[in-house]
Amino acid sequence: PEESDDRKQDKKASLPDVADFGLLAHALLEDESSRPPKGQYVYGHFLTTHHPIGARNADCSRNRAHEATYFDHVVCATRMIVSFLEELKKMGRFEDSMIIIQSDHGDGDYGSPDEEKLPSHVASRIREKSLHDPRQIVNKTHALLLIKLPGWTAGTRLRISESPVMLVDIPATVFDALGIYQPTEQGRPAFTIYEWEQREIHMFTGFFRPEVIGQLTNMSRDRKGELCHFSLTERKGWKLYPNIPFTRD
(Lines give C-alpha, C1' and ligand atoms only; values in the text may rest on other atoms or scores of the structure.)
Protein backbone atom coordinates (compact mmCIF):
# COMPACT_ATOMS: atom_id res chain seq x y z
CA PRO A 1 0.00 0.00 0.00
CA GLU A 2 1.10 3.55 -0.69
CA GLU A 3 2.54 5.35 2.32
CA SER A 4 0.81 8.41 3.74
CA ASP A 5 2.36 11.84 3.34
CA ASP A 6 2.96 11.94 7.12
CA ARG A 7 4.88 8.67 7.00
CA LYS A 8 6.99 9.87 4.09
CA GLN A 9 7.74 13.09 5.99
CA ASP A 10 8.80 11.09 9.08
CA LYS A 11 11.29 9.13 7.00
CA LYS A 12 12.62 12.27 5.38
CA ALA A 13 13.02 14.01 8.72
CA SER A 14 14.73 10.98 10.24
CA LEU A 15 17.42 10.77 7.57
CA PRO A 16 18.90 14.25 7.19
CA ASP A 17 22.12 14.65 5.24
CA VAL A 18 23.37 18.23 5.25
CA ALA A 19 26.67 19.98 5.78
CA ASP A 20 25.61 22.41 8.52
CA PHE A 21 25.93 20.67 11.90
CA GLY A 22 24.04 23.36 13.79
CA LEU A 23 21.01 23.32 11.51
CA LEU A 24 20.96 19.53 11.45
CA ALA A 25 21.21 19.19 15.22
CA HIS A 26 18.36 21.69 15.60
CA ALA A 27 16.24 19.79 13.05
CA LEU A 28 16.89 16.45 14.77
CA LEU A 29 15.91 17.83 18.17
CA GLU A 30 12.83 19.56 16.82
CA ASP A 31 11.79 16.33 15.13
CA GLU A 32 12.62 14.26 18.22
CA SER A 33 9.89 15.88 20.31
CA SER A 34 7.24 14.53 17.93
CA ARG A 35 8.61 10.96 17.90
CA PRO A 36 7.50 8.14 20.20
CA PRO A 37 9.93 7.75 23.14
CA LYS A 38 10.97 4.22 22.08
CA GLY A 39 11.37 2.06 19.02
CA GLN A 40 12.86 4.74 16.77
CA TYR A 41 16.02 4.73 14.67
CA VAL A 42 17.33 8.18 13.80
CA TYR A 43 20.30 8.85 11.54
CA GLY A 44 22.19 12.08 10.98
CA HIS A 45 25.10 12.74 8.62
CA PHE A 46 27.34 15.64 9.67
CA LEU A 47 30.15 17.10 7.55
CA THR A 48 31.57 19.62 10.01
CA THR A 49 35.05 18.08 10.12
CA HIS A 50 35.11 17.31 6.41
CA HIS A 51 36.17 19.43 3.44
CA PRO A 52 36.09 22.34 2.82
CA ILE A 53 38.34 22.89 5.82
CA GLY A 54 38.55 26.52 6.94
CA ALA A 55 34.88 27.45 6.67
CA ARG A 56 33.92 26.87 10.32
CA ASN A 57 35.27 28.62 13.43
CA ALA A 58 35.64 26.91 16.80
CA ASP A 59 32.39 28.53 18.01
CA CYS A 60 30.69 27.08 14.88
CA SER A 61 30.19 30.44 13.19
CA ARG A 62 31.02 30.54 9.49
CA ASN A 63 34.46 31.73 8.41
CA ARG A 64 33.77 33.16 4.97
CA ALA A 65 37.47 33.80 4.34
CA HIS A 66 38.16 30.08 4.91
CA GLU A 67 40.90 30.89 7.43
CA ALA A 68 39.80 28.50 10.18
CA THR A 69 41.90 25.44 11.01
CA TYR A 70 41.02 21.77 11.06
CA PHE A 71 41.25 21.98 14.87
CA ASP A 72 38.58 24.71 14.80
CA HIS A 73 36.29 22.30 12.96
CA VAL A 74 36.98 19.58 15.52
CA VAL A 75 36.19 21.93 18.42
CA CYS A 76 32.98 23.04 16.71
CA ALA A 77 31.85 19.45 16.13
CA THR A 78 32.65 18.54 19.74
CA ARG A 79 30.68 21.52 21.05
CA MET A 80 27.68 20.61 18.92
CA ILE A 81 27.75 16.96 20.02
CA VAL A 82 27.81 18.03 23.67
CA SER A 83 24.97 20.50 23.09
CA PHE A 84 22.93 17.86 21.27
CA LEU A 85 23.37 15.32 24.09
CA GLU A 86 22.49 17.90 26.75
CA GLU A 87 19.26 18.67 24.93
CA LEU A 88 18.41 14.96 24.82
CA LYS A 89 18.89 14.85 28.59
CA LYS A 90 16.49 17.76 29.06
CA MET A 91 13.94 15.93 26.92
CA GLY A 92 14.31 12.75 29.01
CA ARG A 93 15.51 10.79 25.98
CA PHE A 94 19.18 10.31 26.90
CA GLU A 95 19.36 7.49 29.44
CA ASP A 96 17.25 4.91 27.61
CA SER A 97 18.76 5.62 24.20
CA MET A 98 21.62 3.98 22.37
CA ILE A 99 23.76 6.70 20.81
CA ILE A 100 26.51 5.92 18.31
CA ILE A 101 28.83 8.55 16.87
CA GLN A 102 31.14 7.36 14.13
CA SER A 103 33.56 8.75 11.57
CA ASP A 104 34.30 7.24 8.18
CA HIS A 105 38.07 7.35 8.76
CA GLY A 106 40.73 8.93 10.95
CA ASP A 107 42.41 12.33 10.63
CA GLY A 108 45.11 11.23 8.21
CA ASP A 109 45.12 14.48 6.24
CA TYR A 110 46.30 16.38 9.29
CA GLY A 111 48.45 13.86 11.15
CA SER A 112 52.15 13.17 10.80
CA PRO A 113 53.35 11.48 7.60
CA ASP A 114 53.65 7.70 7.96
CA GLU A 115 54.53 6.59 4.46
CA GLU A 116 57.54 4.70 5.76
CA LYS A 117 55.12 2.33 7.53
CA LEU A 118 53.39 1.53 4.26
CA PRO A 119 54.83 -1.09 1.84
CA SER A 120 55.52 0.36 -1.59
CA HIS A 121 53.13 -2.02 -3.39
CA VAL A 122 50.27 -0.96 -1.08
CA ALA A 123 51.12 2.74 -1.46
CA SER A 124 51.18 2.37 -5.24
CA ARG A 125 47.72 0.77 -5.33
CA ILE A 126 46.23 3.45 -3.04
CA ARG A 127 47.76 6.21 -5.16
CA GLU A 128 46.28 4.64 -8.29
CA LYS A 129 42.77 3.98 -7.01
CA SER A 130 41.90 6.71 -4.51
CA LEU A 131 42.09 10.36 -3.57
CA HIS A 132 43.95 9.54 -0.35
CA ASP A 133 47.63 10.35 0.08
CA PRO A 134 49.49 7.14 1.00
CA ARG A 135 51.70 9.17 3.34
CA GLN A 136 48.69 9.73 5.61
CA ILE A 137 46.80 6.47 5.22
CA VAL A 138 48.11 4.96 8.49
CA ASN A 139 46.41 7.69 10.53
CA LYS A 140 43.22 7.26 8.51
CA THR A 141 42.88 3.67 9.74
CA HIS A 142 41.87 4.91 13.23
CA ALA A 143 38.21 5.85 12.79
CA LEU A 144 36.37 7.38 15.75
CA LEU A 145 33.64 5.23 17.29
CA LEU A 146 31.72 6.52 20.35
CA ILE A 147 29.00 4.32 21.86
CA LYS A 148 26.57 5.11 24.65
CA LEU A 149 24.46 2.08 25.61
CA PRO A 150 20.85 2.15 26.92
CA GLY A 151 20.76 2.44 30.67
CA TRP A 152 23.97 4.41 30.98
CA THR A 153 23.13 7.47 33.03
CA ALA A 154 24.49 10.98 32.62
CA GLY A 155 27.11 10.27 35.30
CA THR A 156 28.59 7.24 33.56
CA ARG A 157 32.28 7.81 32.99
CA LEU A 158 33.67 7.87 29.45
CA ARG A 159 36.02 4.94 28.83
CA ILE A 160 38.67 5.23 26.13
CA SER A 161 39.70 2.02 24.40
CA GLU A 162 42.30 1.15 21.76
CA SER A 163 40.46 -2.05 20.83
CA PRO A 164 40.79 -2.77 17.08
CA VAL A 165 37.16 -2.16 16.12
CA MET A 166 35.77 -1.46 12.66
CA LEU A 167 32.63 0.33 11.51
CA VAL A 168 31.32 -3.05 10.37
CA ASP A 169 31.07 -3.91 14.09
CA ILE A 170 28.22 -1.45 14.60
CA PRO A 171 25.31 -3.76 13.58
CA ALA A 172 26.64 -6.58 15.79
CA THR A 173 27.05 -4.10 18.67
CA VAL A 174 23.47 -2.87 18.32
CA PHE A 175 22.05 -6.42 18.24
CA ASP A 176 24.12 -7.40 21.29
CA ALA A 177 23.08 -4.32 23.30
CA LEU A 178 19.40 -4.98 22.56
CA GLY A 179 19.69 -8.65 23.46
CA ILE A 180 18.80 -9.77 19.95
CA TYR A 181 20.46 -12.91 18.63
CA GLN A 182 21.28 -12.03 15.06
CA PRO A 183 24.43 -13.61 13.63
CA THR A 184 26.27 -11.28 11.28
CA GLU A 185 28.60 -12.35 8.49
CA GLN A 186 31.00 -9.58 9.42
CA GLY A 187 31.63 -7.65 12.58
CA ARG A 188 31.57 -8.37 16.30
CA PRO A 189 30.05 -6.58 19.30
CA ALA A 190 32.51 -3.78 20.05
CA PHE A 191 32.56 -4.45 23.80
CA THR A 192 33.76 -8.03 23.25
CA ILE A 193 36.91 -6.93 21.38
CA TYR A 194 40.05 -6.61 23.48
CA GLU A 195 42.89 -4.11 23.07
CA TRP A 196 45.52 -6.84 22.84
CA GLU A 197 43.88 -8.61 19.89
CA GLN A 198 45.81 -8.77 16.63
CA ARG A 199 42.77 -8.17 14.49
CA GLU A 200 42.84 -7.60 10.76
CA ILE A 201 41.36 -4.17 10.02
CA HIS A 202 39.93 -3.95 6.50
CA MET A 203 39.82 -0.71 4.50
CA PHE A 204 38.29 0.21 1.17
CA THR A 205 38.87 3.27 -0.98
CA GLY A 206 38.60 4.32 -4.61
CA PHE A 207 35.29 6.03 -5.42
CA PHE A 208 36.45 9.54 -6.27
CA ARG A 209 39.50 11.46 -7.37
CA PRO A 210 39.54 15.26 -6.87
CA GLU A 211 40.14 17.39 -9.95
CA VAL A 212 40.48 21.14 -10.54
CA ILE A 213 36.73 21.57 -11.06
CA GLY A 214 34.63 19.67 -8.55
CA GLN A 215 35.09 15.97 -7.89
CA LEU A 216 35.31 13.60 -10.82
CA THR A 217 34.97 9.87 -10.40
CA ASN A 218 37.80 7.61 -11.38
CA MET A 219 35.29 5.26 -13.02
CA SER A 220 34.94 4.60 -16.72
CA ARG A 221 32.10 6.03 -18.79
CA ASP A 222 29.92 2.96 -18.23
CA ARG A 223 29.82 3.89 -14.52
CA LYS A 224 31.93 0.96 -13.49
CA GLY A 225 35.04 1.05 -11.36
CA GLU A 226 37.04 -0.71 -8.69
CA LEU A 227 37.55 -0.38 -4.95
CA CYS A 228 41.03 -0.71 -3.54
CA HIS A 229 40.87 -3.28 -0.70
CA PHE A 230 43.69 -3.58 1.82
CA SER A 231 44.09 -4.35 5.52
CA LEU A 232 46.35 -3.74 8.49
CA THR A 233 47.04 -6.10 11.39
CA GLU A 234 48.96 -4.75 14.37
CA ARG A 235 52.49 -6.18 14.52
CA LYS A 236 51.83 -8.24 11.39
CA GLY A 237 51.64 -5.51 8.78
CA TRP A 238 49.73 -4.71 5.63
CA LYS A 239 47.94 -7.02 3.22
CA LEU A 240 46.73 -6.18 -0.27
CA TYR A 241 43.60 -7.86 -1.65
CA PRO A 242 42.34 -7.99 -5.25
CA ASN A 243 40.39 -4.89 -6.26
CA ILE A 244 36.61 -5.15 -5.90
CA PRO A 245 34.59 -4.27 -9.02
CA PHE A 246 31.51 -2.08 -8.52
CA THR A 247 28.85 -0.24 -10.49
CA ARG A 248 27.27 3.04 -9.40
CA ASP A 249 23.65 3.71 -10.31
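Ordering W238, W196 by accessible area with a probe of 1.4 Å, largest first, what comes out?
Per-residue accessible area, sorted high to low, gives W196, W238.
Among 67-75, 152-160, what's the highest-first ranking by average C-beta atoms within 10 angstrom per residue?
Packing proxy ranking, top to bottom: 67-75, 152-160.
Given K148/K239; K89/K148; K140/K224; K90/K148; K38/K90, which pairs have Cα atoms separated by over 24 Å?
Result: K148/K239; K140/K224 exceed 24 Å.
Given a Förster distance of 25 Å, report the FRET efficiency between H26 and T69 from their Cβ-Cβ distance, rounded to the nearest 0.05.
Calculated value: 0.50.
So what are the ³J(HN,Hα) numbers for the range 49-59, from phi and the Karplus equation (6.51, -1.76, 1.60; θ = phi - 60°), rounded to whole Hz, Gly and Pro as x?
9, 9, 5, x, 6, x, 8, 10, 7, 4, 8
I want to check the label-to-label distance for H50 and K224. Put each point 7 Å from Cα in the C-beta direction and report it in nm to one decimal.
Each label point is offset 7 Å from its Cα along the Cβ direction, giving 2.8 nm.
Please give, to one decimal in nm, the separation of the simple spin-label points placed at R157 and K38, each 7 Å out from Cα toward the Cβ.
3.1
The values are calculated or read from the model by the stated rules, or taken from the named source; none is laboratory data. Here the structure is a predicted model, which means the values were calculated and not measured. Positions of Cβ are generated from backbone atoms using ideal geometry, with glycine treated the same way; all protein chains shown enter the neighbour counts. Just the protein is used for accessible areas: all its heavy atoms, side chains included, with ligands, DNA and RNA removed. Shrake-Rupley method; radii C 1.70, N 1.55, O 1.52, S 1.80 Å.
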